[in-house]
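Have a look at the structure below, then the notes.
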Amino acid sequence: MATNGANYIPDRTINFNVTADEGNIFLGVGTVDLPEIQKMTDTLSGSGIAGEVETPIPGHFQSMETTINWNAITTEGLNLLRDGTVSLTFRIAQNEINASADNNQVKAIRIHLRGLVKSSALGSAEVNAKSEQTTVIETTYLRVFVNDEEQVEIDKLNMIFKVQGNDQLGDVRKALGLG
């Protein structure tokens, strides 16, 4: 992406953190597997079509899972097991290399998600090793910002899907009498 004559190349995550809505930072998170955004599809076939075509269903997505991989068993990870929705924010500092000059830049990625905890594995116990507790969240809401600009919002339970502010389901909600 060129900005002011610069040719910035996305490089890597410098660091990240995870916070709950209460503002407490989760310490001991080793890695996070963010959700895969995969559209629901159906097979279209019939007269005038030479075979089958998998067509995406507008604004509908398959199950989205977020997995938090903890270094050790934590009270924060166990607390996520409580009934109800969890709401988390992931902040990522991403390095970008300037291929046109000497200076790199840091891109700020912020991801908000809500969902229901599906499972928590306590991991294993081994001398001088991480226990690797995991928490799996069925993600029902996802909102991604890059440098404070909203890129994507998916709210499955309220039938909202936006890409860079463009409401992808507005006509569907209108047709259904939902506004």
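The values are calculated or read from the model by the stated rules, or taken from the named source; none is laboratory data. Remember, predicted model here, so these are calculated numbers, not experimental data. Virtual Cβ from ideal backbone geometry, glycine too; neighbours counted across all protein chains shown. Ligands, DNA and RNA are stripped out before the accessible areas are found, and what is left, the full protein with its side chains, is counted by its heavy atoms. Shrake-Rupley method; radii C 1.70, N 1.55, O 1.52, S 1.80 Å.
Some notes on this structure:
- Among the residues of the range 32-55, just one is more than 13 Å from the chain's Cα centre (by Cα), closer than 30 Å to Phe16 by Cβ and not basic (Lys, Arg), namely Met40.
- Scanning the range 64-92 for residues that are hydrophobic (A, V, I, L, M, F, W, C), open to solvent by 10 Å² or more (accessible area, probe 1.4 Å) and over 15 Å from the mean Cα position of the chain (by Cα) gives Ala72, Ile73, Leu78, Leu81.
- Restricting the range 98-115 to residues that are surrounded by 14 or more Cβ atoms within 10 Å (Cβ to Cβ) and among the hydrophobic types (A, V, I, L, M, F, W, C), the residue that is farthest from the chain's Cα centre (by Cα) is Ile109.
- Within this structure, Phe61 fails the test of being farther than 26 Å from Asp171 by Cβ, surrounded by 14 or more Cβ atoms within 10 Å (Cβ to Cβ), aromatic (Phe, Trp, Tyr) and modelled with pLDDT of 95 or more.
- Criterion violated by Asn147 - all others in (1) of a type in the set (S, T, N, Q); (2) loosely packed, with under 15 Cβ neighbours inside 10 Å; (3) within 13 Å of the chain's Cα centre (by Cα) satisfied: (3)
- Qualifying residue in the range 42-49 (condition: touching a Lys or Arg at 6+ places or on another chain (Cβ under 9 Å) and of a type outside the set (Val, Ile, Thr)): no
- Complete set of residues in the range 9-48 that are outside any loop (DSSP other than H, G, I, E, B) and hydrophobic (A, V, I, L, M, F, W, C): Ile9, Ile14, Phe16, Val18, Ala20, Ile25, Val29, Val32, Met40, Leu44
- For the range 106-127, the tally of residues that are more than 24 Å from Thr19 (Cβ to Cβ) and either of a type outside the set (A, V, I, L, M, F, W, C) or touching a Leu at 6+ places or on another chain (Cβ under 9 Å) (or both) stands at 2.
- Some residue of the range 65-77 being closer than 25 Å to Asn166 by Cα and either touching a Lys or Arg at 6+ places or on another chain (Cβ under 8 Å) or not polar (S, T, N, Q) (or both): yes
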